[in-house]
Amino acid sequence: MEWMLEHSYLMLLLAGAFGFLMAWGVGANDVANAMGTSVGARALTVKQAVLIAIVFEFCGAYLAGGEVTATIRKGIIDAGAFTDTPQYLVYGMMSALLAAGIWLVIASWFGWPVSTTHSIVGAIVGFAAVGLGYDAVHWNKVGNIVASWVTSPILAGVISFALIKSVQRLVLNHEDPFERAKKIVPFYMFLVGFVISMVTLIKGLKHIGLDMSFAHSFLWSLLGGAVVMGLGIVFLSRIKPDPAADKAFRYSSVERVFAVLMIFTACAMAFAHGSNDVANAIGPLAAINSVIASGGVVGSQAPMPSWILLLGGLGIVFGLALFGARVMATVGKKITELTPSRGFAAELGAASTVVLASGTGLPISTTHTLVGAILGVGMARGIGSLNMRTIGAIFTSWIVTLPAGALLSILFFYFFKGLFGA
């Protein structure tokens, strides 16, 4: 314990490096799969997707990430178990960050869209259960999180299935689908703006001193939806039909309308992802910083210094830029064929599910949610439109993720314990 406090800068430097690695993995894997539908549907280039992710991931993390960060930081393990041995919390969180980060780098290299939430939760549970004892883990909280990994993709799949069916009924099945799309798509844009505004105002702004009632949040969210719809109408007014392209594919011009909509849903998905999954990288780092800064006191609350947010944001951006294309290819092209209209339904279904989870403080898996949404869109065209081989490989990687994170974390925990002293 004394050694850790005497070398606090070294410990923070190591923890910061492991936190950056974890954030790098989040960017390479989770952010990439969140933006993969837009790239796969050819609504955005990889460069455009990266730029959108940089802006909206940070906004989601800063404005609406507090609820979930609290769950990852102190909801899974019993902080009281570390009162006499605060160094174990530091070693454990360092081990969890390093273990989850390494696994995400491996998965991203192979293009597997695994869950960063699976990785970090498995790693935290692993070191706590083995290093401290079974009772150190809040198993009821873990059970709720595990249940959400099943319910969230189902919910996202149902929402996305309903959305793509509404697109077929309201737009594609009409005599002039292009003109119909220009009339209907603004209402979808309003829905995107409303959902994001609502979750931000209800849950995301309390930590900066703005606490609105539900009624006020609802009214301001209506305005937010109207602003997004107005911007969308301006963009849509510039799109003209292309008769030559429509001869080859009847819905070519229609899909160009939905490509504009996908820009908005991509922003929504990036915001939703940032609000939910930022905790995976910076939550454990905040806990480490809190213990060291307080001289070994394990508190129920851990402040979130600006340098940790910055470190997490930079790691996410670097990971997405360097390795993101591999996972984007899997999600955007290999599960089912995506067009802008299908991609819109998948992204909005996933984003709606994620922002709801972020508002309730439940760290669901964005990966599971998005893949569930894409499966819902694919099912609307029939099971034959799905690549079952790719889906099987994805499911297998999901199963492996939890034990991989736990086992690596246990090994690193005992390594740090032996290196720095018990």
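Taken together, the values in this text are just the output of simple stated rules run on the coordinates, not laboratory data. Being a predicted model, the structure only gives us computed values, none of them experimental. With ideal geometry, Cβ positions are generated from the backbone for all residues, glycine too; neighbour counts draw on all protein chains shown.
Considering helices alone, the calculated mean residue ellipticity of the chain at 222 nm is -25500 deg cm²/dmol, with DSSP H runs of length four and up weighted by -39500 (n - 2.57) and normalised per residue.
Between ILE77 and HIS138, the built amide H atoms are under 5 Å apart, and every one of these is 5 or more places off in sequence or on another chain. Exposure proxy ranking for LEU155, LEU222, LEU132, based on other Cβ atoms within 10 angstrom of each Cβ and starting from the fewest, stands as LEU222, LEU132, LEU155. Peptides 163-176, 341-354 ranked from most to least packed give 341-354, 163-176, packing being the mean of other C-beta atoms within 10 angstrom over each peptide's residues. The angle between the Cα long axis of helix 366-379 and the main principal axis of the chain comes to about 30°, on a 0 to 90 degree scale. Taking each residue as 0.36 nm, the span from PHE187 to SER237 lengthens on full extension beyond its C-alpha to C-alpha distance by 16.5 nm.
In terms of the mean number of neighbouring beta-carbon atoms within 10 Å, the peptides 75-87, 135-147 order highest first as 75-87, 135-147. For the chain, the square roots of the Cα gyration tensor eigenvalues, ordered a ≥ b ≥ c, give a/c of at least 1.5 with a/b greater than b/c, which places it in the prolate category.
Put in line by how crowded their Cβ is, counting other Cβ atoms within 10 Å and starting with the fewest, TYR134, TYR188 read TYR134, TYR188. Panel values: segment 10-127, Kirkwood radius from alpha carbon pairs, Stokes-Einstein at 37 °C and 0.692 mPa s, translational diffusion coefficient 210 µm²/s. Look at PHE235, PHE178, PHE18 and count the other Cβ atoms within 10 Å of each Cβ; fewest to most, that gives PHE235, PHE178, PHE18. Spacing of the modelled spin labels on LEU223 and THR390, each 7 Å from Cα toward Cβ, amounts to 4.3 nm. Pairs exceeding a 24 Å alpha-carbon distance, out of LYS47/LYS334; LYS182/LYS334; LYS165/LYS334; LYS47/LYS333: LYS182/LYS334. To the nearest ten degrees, helix 86-109 and the longest principal axis of the Cα atoms of the chain are 40 degrees apart. Taking Cα centre as origin and charging only the Cβ of basic (Lys, Arg, +1) and acidic (Asp, Glu, -1) residues, the dipole magnitude of segment 2-420 rounds to 1280 debye. Straight-line cross-link reach from LYS240 at under 14 Å between alpha-carbon atoms covers these aspartates and glutamates, not counting any fewer than eight positions away in the same chain: ASP176, GLU179, GLU255.
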